[in-house]
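Take a look at the structure set out below.
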Amino acid sequence: MDEWKKKNIRTLTFKELQTYFETIGEKKFRVKQVWEWLWQKHAHNFDEMTNLSKELRQTLSDTFSLQAIRLDVSQYSSDGTIKTRFKTHDNHLTEGVLIPVDNLPTGQAGRQTACVSSQIGCSLSCKFCATGYMERKRNLEFDEIYDEVVLLNLMAEKTYGKKLTNIVFMGMGEPLLNYKNVLKAIERITANDGLAMSARRITVSTAGVAKMIKQLGDDGVRFNLALSLHAANDAKRNEIMPINETNNIAALIEALNYFHQKTGNDITFEYILFKGVNDSMQDADDLIKIYKQVPVHLVNIIEYNPIDAADFTKPDKDATQKFMDYLANHRVNVRLRISRGKDIDAACGQLANKVSIPVATSQLV
Ligand code: SF4
(Lines give C-alpha, C1' and ligand atoms only; values in the text may rest on other atoms or scores of the structure.)
Protein backbone atom coordinates (compact mmCIF):
# COMPACT_ATOMS: atom_id res chain seq x y z
CA MET A 1 0.00 0.00 0.00
CA ASP A 2 1.25 3.48 -0.85
CA GLU A 3 1.92 5.00 2.55
CA TRP A 4 0.78 8.48 1.50
CA LYS A 5 -2.63 7.20 0.48
CA LYS A 6 -3.33 6.33 4.09
CA LYS A 7 -5.16 8.99 6.06
CA ASN A 8 -2.87 11.60 7.61
CA ILE A 9 -3.34 11.02 11.33
CA ARG A 10 -2.88 14.71 12.08
CA THR A 11 -6.03 15.60 10.16
CA LEU A 12 -8.03 13.81 12.89
CA THR A 13 -9.47 15.81 15.76
CA PHE A 14 -8.90 14.60 19.31
CA LYS A 15 -12.48 13.32 19.33
CA GLU A 16 -12.04 11.42 16.06
CA LEU A 17 -8.87 9.84 17.39
CA GLN A 18 -10.79 8.85 20.53
CA THR A 19 -13.49 7.21 18.42
CA TYR A 20 -10.86 5.33 16.43
CA PHE A 21 -9.21 4.05 19.61
CA GLU A 22 -12.59 2.87 20.90
CA THR A 23 -13.18 0.92 17.69
CA ILE A 24 -9.87 -0.92 18.03
CA GLY A 25 -10.50 -1.59 21.74
CA GLU A 26 -7.60 0.54 23.02
CA LYS A 27 -7.62 2.30 26.38
CA LYS A 28 -8.66 5.97 26.55
CA PHE A 29 -5.38 7.28 27.99
CA ARG A 30 -3.53 6.10 24.88
CA VAL A 31 -5.26 8.84 22.87
CA LYS A 32 -3.59 11.52 24.95
CA GLN A 33 -0.24 9.83 24.58
CA VAL A 34 -0.53 9.71 20.80
CA TRP A 35 -1.83 13.28 20.68
CA GLU A 36 1.26 14.46 22.57
CA TRP A 37 3.56 12.66 20.14
CA LEU A 38 1.75 14.29 17.24
CA TRP A 39 1.52 17.86 18.51
CA GLN A 40 4.15 18.36 21.18
CA LYS A 41 6.94 15.85 20.70
CA HIS A 42 7.14 16.16 16.92
CA ALA A 43 7.27 12.43 16.15
CA HIS A 44 8.28 11.63 12.57
CA ASN A 45 6.96 8.11 12.60
CA PHE A 46 4.99 5.77 14.80
CA ASP A 47 8.08 3.85 15.93
CA GLU A 48 9.20 6.91 17.87
CA MET A 49 6.10 6.64 20.09
CA THR A 50 8.00 4.55 22.59
CA ASN A 51 5.42 4.57 25.36
CA LEU A 52 3.00 2.62 23.11
CA SER A 53 3.14 -1.11 22.64
CA LYS A 54 4.85 -2.45 19.52
CA GLU A 55 1.53 -3.87 18.32
CA LEU A 56 -0.29 -0.55 18.67
CA ARG A 57 2.51 1.27 16.84
CA GLN A 58 2.20 -1.26 14.03
CA THR A 59 -1.58 -0.90 13.87
CA LEU A 60 -1.29 2.89 13.66
CA SER A 61 1.40 2.64 11.02
CA ASP A 62 -0.73 0.25 8.94
CA THR A 63 -3.71 2.58 9.13
CA PHE A 64 -2.34 6.13 9.04
CA SER A 65 0.43 8.21 7.57
CA LEU A 66 2.43 10.82 9.46
CA GLN A 67 3.62 13.50 7.06
CA ALA A 68 6.02 15.49 9.19
CA ILE A 69 8.45 17.81 7.44
CA ARG A 70 12.14 17.51 8.22
CA LEU A 71 15.07 19.85 8.39
CA ASP A 72 17.17 19.55 5.26
CA VAL A 73 20.01 22.07 5.59
CA SER A 74 20.61 25.17 7.69
CA GLN A 75 22.71 28.22 6.87
CA TYR A 76 24.06 30.54 9.54
CA SER A 77 24.38 34.27 8.92
CA SER A 78 27.10 36.35 10.56
CA ASP A 79 24.28 38.34 12.22
CA GLY A 80 22.85 35.26 13.97
CA THR A 81 20.00 34.67 11.53
CA ILE A 82 19.51 31.02 10.58
CA LYS A 83 17.86 30.03 7.32
CA THR A 84 16.56 26.51 7.17
CA ARG A 85 15.45 24.51 4.22
CA PHE A 86 12.72 21.98 4.97
CA LYS A 87 11.87 18.87 3.01
CA THR A 88 8.31 17.63 2.80
CA HIS A 89 7.28 13.94 2.72
CA ASP A 90 6.90 14.23 -1.07
CA ASN A 91 10.35 15.79 -1.48
CA HIS A 92 9.40 19.41 -2.03
CA LEU A 93 11.60 22.10 -0.52
CA THR A 94 10.51 25.16 1.39
CA GLU A 95 12.21 27.56 3.77
CA GLY A 96 11.90 29.18 7.17
CA VAL A 97 14.11 31.69 8.94
CA LEU A 98 14.96 32.18 12.61
CA ILE A 99 15.75 35.80 13.42
CA PRO A 100 17.15 36.43 16.90
CA VAL A 101 17.17 40.01 18.23
CA ASP A 102 19.00 40.57 21.51
CA ASN A 103 17.74 43.97 22.54
CA LEU A 104 15.22 46.22 20.91
CA PRO A 105 16.02 49.93 20.60
CA THR A 106 12.90 50.57 22.70
CA GLY A 107 14.50 48.74 25.63
CA GLN A 108 12.05 45.85 25.35
CA ALA A 109 13.35 42.32 25.86
CA GLY A 110 14.85 40.57 22.85
CA ARG A 111 12.89 38.43 20.44
CA GLN A 112 13.20 35.12 18.67
CA THR A 113 11.15 35.48 15.51
CA ALA A 114 10.31 32.67 13.13
CA CYS A 115 9.53 33.60 9.54
CA VAL A 116 7.59 30.73 7.99
CA SER A 117 6.36 29.76 4.53
CA SER A 118 2.78 28.93 3.59
CA GLN A 119 3.25 27.55 0.07
CA ILE A 120 5.89 25.77 -1.97
CA GLY A 121 6.77 28.53 -4.44
CA CYS A 122 4.26 31.30 -5.16
CA SER A 123 1.88 32.19 -7.96
CA LEU A 124 1.83 35.96 -7.46
CA SER A 125 5.05 36.85 -9.30
CA CYS A 126 5.97 40.02 -7.43
CA LYS A 127 8.84 41.41 -9.46
CA PHE A 128 11.25 42.04 -6.57
CA CYS A 129 10.84 38.67 -4.86
CA ALA A 130 12.93 35.57 -5.53
CA THR A 131 10.02 33.27 -4.61
CA GLY A 132 7.88 35.06 -7.21
CA TYR A 133 10.16 33.66 -9.94
CA MET A 134 9.56 30.09 -8.78
CA GLU A 135 6.66 27.98 -9.90
CA ARG A 136 4.00 27.40 -7.25
CA LYS A 137 4.12 23.67 -6.60
CA ARG A 138 1.46 23.29 -3.93
CA ASN A 139 0.08 24.66 -0.70
CA LEU A 140 1.67 23.57 2.53
CA GLU A 141 -0.72 21.55 4.68
CA PHE A 142 -1.59 22.92 8.11
CA ASP A 143 0.49 20.31 9.91
CA GLU A 144 3.49 21.10 7.70
CA ILE A 145 3.24 24.80 8.55
CA TYR A 146 2.95 23.81 12.21
CA ASP A 147 6.09 21.67 11.84
CA GLU A 148 8.06 24.64 10.51
CA VAL A 149 7.24 26.53 13.70
CA VAL A 150 8.05 23.54 15.92
CA LEU A 151 11.41 23.00 14.23
CA LEU A 152 12.37 26.69 14.37
CA ASN A 153 11.33 26.72 18.04
CA LEU A 154 13.63 23.77 18.74
CA MET A 155 16.39 25.56 16.88
CA ALA A 156 15.86 28.74 18.92
CA GLU A 157 16.06 26.74 22.15
CA LYS A 158 19.11 24.78 21.10
CA THR A 159 21.06 27.68 19.57
CA TYR A 160 20.02 30.63 21.71
CA GLY A 161 18.53 28.97 24.80
CA LYS A 162 15.20 30.74 24.25
CA LYS A 163 11.84 29.80 22.82
CA LEU A 164 10.23 31.61 19.91
CA THR A 165 8.51 34.83 20.88
CA ASN A 166 7.05 35.88 17.52
CA ILE A 167 5.93 34.31 14.26
CA VAL A 168 5.59 36.08 10.94
CA PHE A 169 4.05 34.53 7.84
CA MET A 170 6.44 36.32 5.50
CA GLY A 171 8.27 33.36 3.96
CA MET A 172 7.47 31.68 0.67
CA GLY A 173 3.94 31.99 -0.66
CA GLU A 174 0.82 34.09 -0.15
CA PRO A 175 -0.79 32.98 3.14
CA LEU A 176 -4.27 34.17 2.17
CA LEU A 177 -4.24 31.91 -0.90
CA ASN A 178 -3.76 28.98 1.48
CA TYR A 179 -6.32 30.35 3.89
CA LYS A 180 -7.70 27.23 5.57
CA ASN A 181 -4.31 25.66 6.23
CA VAL A 182 -2.82 28.87 7.59
CA LEU A 183 -5.74 29.39 9.98
CA LYS A 184 -5.70 25.78 11.09
CA ALA A 185 -1.93 25.90 11.66
CA ILE A 186 -2.37 29.04 13.78
CA GLU A 187 -5.13 27.32 15.74
CA ARG A 188 -2.65 24.52 16.59
CA ILE A 189 0.21 26.96 17.31
CA THR A 190 -1.97 28.86 19.80
CA ALA A 191 -3.74 25.84 21.32
CA ASN A 192 -2.80 24.76 24.82
CA ASP A 193 -2.21 21.24 23.58
CA GLY A 194 -0.08 22.66 20.74
CA LEU A 195 2.57 25.34 21.25
CA ALA A 196 0.37 27.61 23.42
CA MET A 197 1.70 30.79 21.79
CA SER A 198 -0.29 34.01 21.87
CA ALA A 199 -2.06 34.97 18.63
CA ARG A 200 -1.01 38.55 19.37
CA ARG A 201 2.56 37.46 18.66
CA ILE A 202 1.66 36.25 15.18
CA THR A 203 1.56 38.41 12.04
CA VAL A 204 0.22 37.22 8.72
CA SER A 205 1.55 39.18 5.78
CA THR A 206 -0.36 39.48 2.53
CA ALA A 207 0.38 40.90 -0.90
CA GLY A 208 -3.26 42.01 -0.81
CA VAL A 209 -6.13 39.61 -1.42
CA ALA A 210 -9.05 41.91 -0.57
CA LYS A 211 -11.73 39.21 -0.34
CA MET A 212 -9.69 37.10 2.06
CA ILE A 213 -8.74 40.10 4.22
CA LYS A 214 -12.48 40.59 4.73
CA GLN A 215 -12.84 36.89 5.45
CA LEU A 216 -10.27 37.25 8.25
CA GLY A 217 -12.53 39.94 9.70
CA ASP A 218 -15.59 37.71 9.44
CA ASP A 219 -13.68 34.86 11.09
CA GLY A 220 -12.71 37.14 13.98
CA VAL A 221 -9.04 36.14 13.95
CA ARG A 222 -6.84 37.36 16.77
CA PHE A 223 -3.51 37.68 14.97
CA ASN A 224 -2.14 40.81 13.32
CA LEU A 225 -2.05 41.63 9.64
CA ALA A 226 0.66 43.17 7.48
CA LEU A 227 0.02 44.46 3.99
CA SER A 228 2.97 44.34 1.59
CA LEU A 229 2.15 47.67 0.00
CA HIS A 230 5.48 48.56 -1.69
CA ALA A 231 3.92 51.13 -4.03
CA ALA A 232 1.27 53.69 -3.17
CA ASN A 233 -0.51 54.22 -6.46
CA ASP A 234 -2.15 51.67 -8.72
CA ALA A 235 0.01 52.31 -11.80
CA LYS A 236 3.25 51.63 -9.92
CA ARG A 237 1.82 48.81 -7.88
CA ASN A 238 0.53 47.06 -11.02
CA GLU A 239 4.08 47.18 -12.37
CA ILE A 240 5.76 45.46 -9.44
CA MET A 241 2.89 43.42 -7.97
CA PRO A 242 0.56 41.99 -10.64
CA ILE A 243 -2.01 41.05 -8.00
CA ASN A 244 -2.85 44.76 -7.79
CA GLU A 245 -4.58 44.53 -11.18
CA THR A 246 -7.39 42.54 -9.57
CA ASN A 247 -7.04 43.83 -5.99
CA ASN A 248 -6.39 47.55 -6.35
CA ILE A 249 -5.52 49.98 -3.62
CA ALA A 250 -9.11 51.21 -3.16
CA ALA A 251 -10.30 47.60 -2.66
CA LEU A 252 -7.49 47.00 -0.15
CA ILE A 253 -8.31 50.16 1.80
CA GLU A 254 -11.91 49.01 2.09
CA ALA A 255 -10.95 45.46 3.09
CA LEU A 256 -8.44 46.63 5.72
CA ASN A 257 -11.01 48.93 7.30
CA TYR A 258 -13.46 46.05 7.42
CA PHE A 259 -10.82 43.80 9.01
CA HIS A 260 -10.04 46.41 11.63
CA GLN A 261 -13.69 47.12 12.43
CA LYS A 262 -14.33 43.44 12.98
CA THR A 263 -11.19 42.51 14.90
CA GLY A 264 -9.46 45.63 16.23
CA ASN A 265 -6.16 43.89 15.46
CA ASP A 266 -2.99 45.71 14.41
CA ILE A 267 -2.38 46.47 10.75
CA THR A 268 1.11 47.21 9.48
CA PHE A 269 2.20 48.42 6.05
CA GLU A 270 5.40 46.98 4.62
CA TYR A 271 7.12 49.22 2.09
CA ILE A 272 10.37 48.20 0.40
CA LEU A 273 12.20 51.21 -1.02
CA PHE A 274 13.37 50.79 -4.62
CA LYS A 275 15.64 53.50 -6.02
CA GLY A 276 13.92 55.55 -8.70
CA VAL A 277 10.72 53.48 -8.48
CA ASN A 278 8.86 54.32 -5.28
CA ASP A 279 11.17 56.58 -3.28
CA SER A 280 10.19 60.10 -4.44
CA MET A 281 8.41 62.66 -2.31
CA GLN A 282 5.37 62.18 -4.57
CA ASP A 283 5.45 58.49 -3.61
CA ALA A 284 5.67 59.51 0.05
CA ASP A 285 2.62 61.78 -0.45
CA ASP A 286 0.70 58.88 -2.04
CA LEU A 287 1.63 56.67 0.90
CA ILE A 288 0.48 59.32 3.40
CA LYS A 289 -2.89 59.50 1.60
CA ILE A 290 -3.42 55.75 2.02
CA TYR A 291 -2.16 55.84 5.61
CA LYS A 292 -4.82 58.40 6.47
CA GLN A 293 -7.57 56.12 5.16
CA VAL A 294 -6.60 52.96 7.08
CA PRO A 295 -6.10 52.52 10.86
CA VAL A 296 -2.47 51.55 10.36
CA HIS A 297 -0.43 50.93 13.44
CA LEU A 298 3.01 51.19 11.80
CA VAL A 299 4.72 51.61 8.43
CA ASN A 300 7.82 49.46 8.14
CA ILE A 301 10.27 50.79 5.58
CA ILE A 302 12.36 47.85 4.40
CA GLU A 303 15.77 47.86 2.77
CA TYR A 304 15.66 46.15 -0.60
CA ASN A 305 17.75 43.01 -0.82
CA PRO A 306 19.06 42.26 -4.30
CA ILE A 307 18.10 39.05 -6.07
CA ASP A 308 19.61 37.58 -9.25
CA ALA A 309 16.38 37.66 -11.23
CA ALA A 310 15.63 41.41 -10.95
CA ASP A 311 17.60 44.61 -11.34
CA PHE A 312 16.09 46.83 -8.66
CA THR A 313 18.51 48.71 -6.43
CA LYS A 314 18.08 50.33 -3.03
CA PRO A 315 18.34 54.07 -2.43
CA ASP A 316 21.32 55.35 -0.43
CA LYS A 317 21.04 56.06 3.30
CA ASP A 318 20.36 59.78 2.84
CA ALA A 319 17.50 59.19 0.40
CA THR A 320 16.02 56.57 2.71
CA GLN A 321 16.26 58.93 5.66
CA LYS A 322 14.71 61.78 3.66
CA PHE A 323 11.76 59.56 2.69
CA MET A 324 11.25 58.46 6.30
CA ASP A 325 11.60 61.98 7.70
CA TYR A 326 8.99 63.20 5.25
CA LEU A 327 6.57 60.53 6.44
CA ALA A 328 7.32 61.18 10.10
CA ASN A 329 6.77 64.93 9.58
CA HIS A 330 3.32 64.06 8.31
CA ARG A 331 2.53 62.09 11.47
CA VAL A 332 3.12 58.67 10.02
CA ASN A 333 4.37 56.16 12.58
CA VAL A 334 7.32 54.90 10.56
CA ARG A 335 10.25 52.62 11.33
CA LEU A 336 13.18 51.28 9.33
CA ARG A 337 13.30 47.50 9.32
CA ILE A 338 16.90 46.43 8.92
CA SER A 339 17.11 43.27 6.87
CA ARG A 340 18.69 40.29 8.50
CA GLY A 341 20.47 37.31 7.01
CA LYS A 342 21.41 39.00 3.70
CA ASP A 343 24.67 37.05 3.41
CA ILE A 344 22.75 33.77 3.26
CA ASP A 345 19.85 35.00 1.07
CA ALA A 346 17.51 34.79 4.05
CA ALA A 347 16.36 38.40 4.01
CA CYS A 348 12.97 39.66 2.95
CA GLY A 349 12.22 38.69 -0.67
CA GLN A 350 15.25 36.44 -1.05
CA LEU A 351 13.83 33.00 -0.30
CA ALA A 352 14.29 30.65 -3.25
CA ASN A 353 15.65 27.39 -1.85
CA LYS A 354 19.11 28.62 -2.72
CA VAL A 355 22.10 27.30 -0.79
CA SER A 356 25.02 29.56 -1.54
CA ILE A 357 27.59 29.10 1.23
CA PRO A 358 28.80 26.18 3.36
CA VAL A 359 25.88 24.74 5.25
CA ALA A 360 25.25 22.46 8.16
CA THR A 361 22.90 19.56 7.99
CA SER A 362 20.92 19.89 11.13
CA GLN A 363 21.29 17.48 14.01
CA LEU A 364 18.18 18.67 15.76
CA VAL A 365 15.68 16.04 14.79
S1 SF4 B 1 6.35 38.79 -2.11
FE2 SF4 B 1 5.09 37.15 -1.24
S3 SF4 B 1 3.28 37.12 -2.57
FE4 SF4 B 1 4.86 38.23 -3.71
S5 SF4 B 1 5.86 36.64 -4.95
FE6 SF4 B 1 7.02 36.84 -3.03
S7 SF4 B 1 6.17 35.24 -1.73
FE8 SF4 B 1 4.69 35.57 -3.38
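Computed quantities for the displayed model
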read-out: Candidate set: region 261-284, residues that are without any contact (Cβ under 8 Å) to a residue 40 or more places away in the chain and not polar (S, T, N, Q); chosen: the one farthest from Asn233 (Cα to Cα); value: Gly264
read-out: Scope region 239-278; condition assigned to a helix (DSSP H, G or I), more than 24 Å from the chain's Cα centre (by Cα) and closer than 29 Å to Asp318 by Cβ; matching residues; value: Glu239
read-out: Leading residue by the ranking (nearest to the ligand (Cβ to nearest atom)) among those in region 222-231 that are touching a strand residue (DSSP E or B) at 6+ places or on another chain (Cβ under 8 Å) and not aromatic (Phe, Trp, Tyr); value: Ser228
read-out: From the options Val182, Val209, Val168, residue that is closer than 30 Å to Leu93 by Cβ, buried (at least 23 other Cβ atoms within 10 Å of the Cβ) and within 16 Å of the ligand (Cβ to nearest atom); value: Val182
read-out: Yes/no for Glu141 being free of Cβ contacts under 8 Å to residues at least 12 places away in the same chain and either of a type in the set (Val, Ile, Thr) or in the same structural domain as Ile213 (by TED's automatic domain parsing) (or both); value: no
read-out: Any hit, region 130-141, residues being more than 13 Å from the chain's Cα centre (by Cα) and among the small types (Gly, Ala, Ser); value: yes
read-out: Unique match (being out of contact with any Leu (no Cβ under 9 Å at 6 or more places or on another chain), under 18 Å from Thr131 (Cα atoms) and surrounded by fewer than 19 Cβ atoms within 10 Å (Cβ to Cβ)) among Glu254, Glu239; value: Glu239
read-out: Filter result (in contact with an Asp or Glu (Cβ under 9 Å, 6 or more places away or on another chain) and small (Gly, Ala, Ser)) within region 172-207; value: Ala185, Gly194, Ser205, Ala207
read-out: Output for region 123-137, where each listed residue is near the ligand (Cβ under 7 Å from one of its atoms) and aliphatic (A, V, I, L, M); value: Leu124
read-out: Residue in region 40-49 that is more than 30 Å from Asn91 (Cα to Cα) and either in contact with a helix residue (DSSP H, G or I) (Cβ under 7 Å, 6 or more places away or on another chain) or aromatic (Phe, Trp, Tyr) (or both) present; value: no
read-out: Strands (runs of 3 or more DSSP E) within region 41-126 that include 2 or more residues over 20 Å from the mean Cα position of the chain (by Cα); value: 93-103
read-out: Odd one out for Gln75 among (1) out of contact with any Lys or Arg (no Cβ under 7 Å at 6 or more places or on another chain); (2) crowded, with 16+ Cβ neighbours inside 10 Å; value: (1)
read-out: Subset of region 80-92 (residues that are within 18 Å of Ser339 (Cβ to Cβ) and either crowded, with 17+ Cβ neighbours inside 10 Å or outside the structural domain of Asn153 (by TED's automatic domain parsing) (or both)); value: Thr81, Ile82, Lys83, Thr84
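Okay, residues lined up against (1) out of contact with any helix residue (DSSP H, G or I) (no Cβ under 6 Å at 6 or more places or on another chain); (2) more than 18 Å from Leu98 (Cβ to Cβ); (3) modelled with pLDDT under 95; (4) in the same structural domain as Ala255 (by TED's automatic domain parsing):
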| site | (1), (2), (3), (4) |
| --- | --- |
| Tyr146 | no, no, no, yes |
| Asn178 | yes, yes, no, yes |
| Asn181 | no, yes, no, yes |
| Ala196 | yes, yes, no, yes |
| Arg201 | yes, no, no, yes |
| Ala210 | no, yes, no, yes |
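The values are calculated or read from the model by the stated rules, or taken from the named source; none is laboratory data. In this text the structure is predicted, and so the values were computed from the model without any measurement. As a convention, Cβ positions derive from the backbone with ideal geometry for all residues, glycine included, and neighbour counts pool all protein chains shown.
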